[in-house]
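A.B. asks: Here it is, the structure, as structure tokens.
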Amino acid sequence: MKFFVDTAEIDAIKELNDLGMVDGVTTNPSLIAKSGRDILEVTKEICELVEGPVSAEVVATEADAMIAEGRKLAKIAENIAVKVPLTWDGLKACNVLTDEGNMVNVTLCFSPNQALLAAKAGATFISPFIGRLDDLNLDGLDLIADIRQVYDNYGFETEILAASIRSANHMSECAKIGADVATAPPNVIKAMANHVLTDKGLAAFLADAEKANIKIV
Ligand code: G3P
């Protein structure tokens with residue numbers, strides 16, 4: 001499963017990228033706003049930092065304007081994936097932008113039907129939002145499993161980019177289901193390393209090493 005980092009914070013991307021943990025980056029208008037930076041400038045910097053796809057989202061809502069914004073974003077770098085919302089206009093924009101050779105990430109997906117439409121529109125990635133379904137006491141991971149089944153039934157090449165990931169558990173469950181990509185905030189990726197038995201076991205090892213005066217010099 002590919003790891004994308006869901007942030008526009010350069011330092012956080014750098015830290016994980018230096019560890020080889022970054023296969024791509026996703027941003028959206030809220031993450032760009034949080035960065036406090038100009039979208040074209042910060043997106044360019046991210047594209048120079050990582051080799052994999054970097055999703056940058058349009059803010060227009062009408063197809064022609066989305067296409068125009070998407071073309072501007074695509075000009076930033078080779079590894080740009082233009083992000084469009086899963087609306088009828090977004091699907092139209094997806095169709096045109098992918099026909100022109102751009103990567104397109106169709107976002108704000110909440111149902112298998114929406115994912116089917118995105119695949120038919122030629123989407124490179126589909127972004128089903130797990131956390132926001134969980135917020136409604138629905139099971140967001142069920143959506144990932146449903147889309148995996150539908151795409152595998154018909155051999156769709158659109159990659160499932162699991163998004164709105166809130167926990168390390170979401171990451172492992174997405175990997176078990178077979179999501180192609182999971183995009184998560186830096187702290188969630190880091191939390192994947194945590195386990196209480198690891199901490200307990202390490203403390204015991206270090207205590208024994210001290211007692212036995214083990215030194216590696
Ligand atoms: O990539 C989408 C993600 O940023 C949304 O996450 O936690 O706001 O649902 P969240």
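The values are calculated or read from the model by the stated rules, or taken from the named source; none is laboratory data. In this text, all values refer to a predicted model and were calculated from it rather than measured experimentally. Backbone-built Cβ (ideal geometry, glycine too); neighbour counts: all protein chains shown. Accessible surface is based on the protein model in full, side chains and every heavy atom, while ligands, DNA and RNA are left aside. Shrake-Rupley method; radii C 1.70, N 1.55, O 1.52, S 1.80 Å.
A.B. asks: Could you grab me the full set of residues in the stretch 1-16 that are part of a loop (DSSP other than H, G, I, E, B) and within 13 Å of the ligand (Cβ to nearest atom)?
C.D. replies: Residues satisfying the conditions are T7, A8, E9.
A.B. asks: Looking only at the stretch 98-148, which residues are within 10 Å of the ligand (Cβ to nearest atom) and more than 17 Å from T26 (Cβ to Cβ)?
C.D. replies: Once the filter is applied, which keeps residues that are within 10 Å of the ligand (Cβ to nearest atom) and more than 17 Å from T26 (Cβ to Cβ), the stretch 98-148 yields L133, D134, D135.
A.B. asks: Going through the stretch 40-57 one residue at a time, which ones are away from the ligand (no atom under 15 Å from the Cβ) and open to solvent by 20 Å² or more (accessible area, probe 1.4 Å)?
C.D. replies: L40, E41, K44, E45, E48, L49, E51
A.B. asks: Taking A121, is it more than 14 Å from the chain's Cα centre (by Cα) and among the small types (G, A, S)?
C.D. replies: Yes.
A.B. asks: Which of the following residues is closer than 23 Å to V181 by Cα, more than 15 Å from the ligand (Cβ to nearest atom), out of contact with any strand residue (DSSP E or B) (no Cβ under 6 Å at 6 or more places or on another chain) and small (G, A, S): A68, A63, A93, A77?
C.D. replies: Only one candidate qualifies: A77.
A.B. asks: Give the stretch 172-187 a look and list any residue that's touching a residue at least 40 places away in the same chain (Cβ under 8 Å) and of a type outside the set (G, A, S), or say none.
C.D. replies: Matches in the stretch 172-187: C174, D180, V181, T183, P185, P186.
A.B. asks: Which count do you get for residues in the stretch 135-156 that are outside any loop (DSSP other than H, G, I, E, B), open to solvent by 50 Å² or more (accessible area, probe 1.4 Å) and not hydroxyl-bearing (S, T, Y)?
C.D. replies: 5
A.B. asks: Oh, and also: Which of the residues spanning the stretch 157-192 are in contact with a helix residue (DSSP H, G or I) (Cβ under 9 Å, 6 or more places away or on another chain), within 12 Å of the ligand (Cβ to nearest atom) and not in a helix (DSSP H, G or I)?
C.D. replies: Across the stretch 157-192, the qualifying residues are A162, A163, S164, I165, R166, S167, V181, A182, A184, P185.
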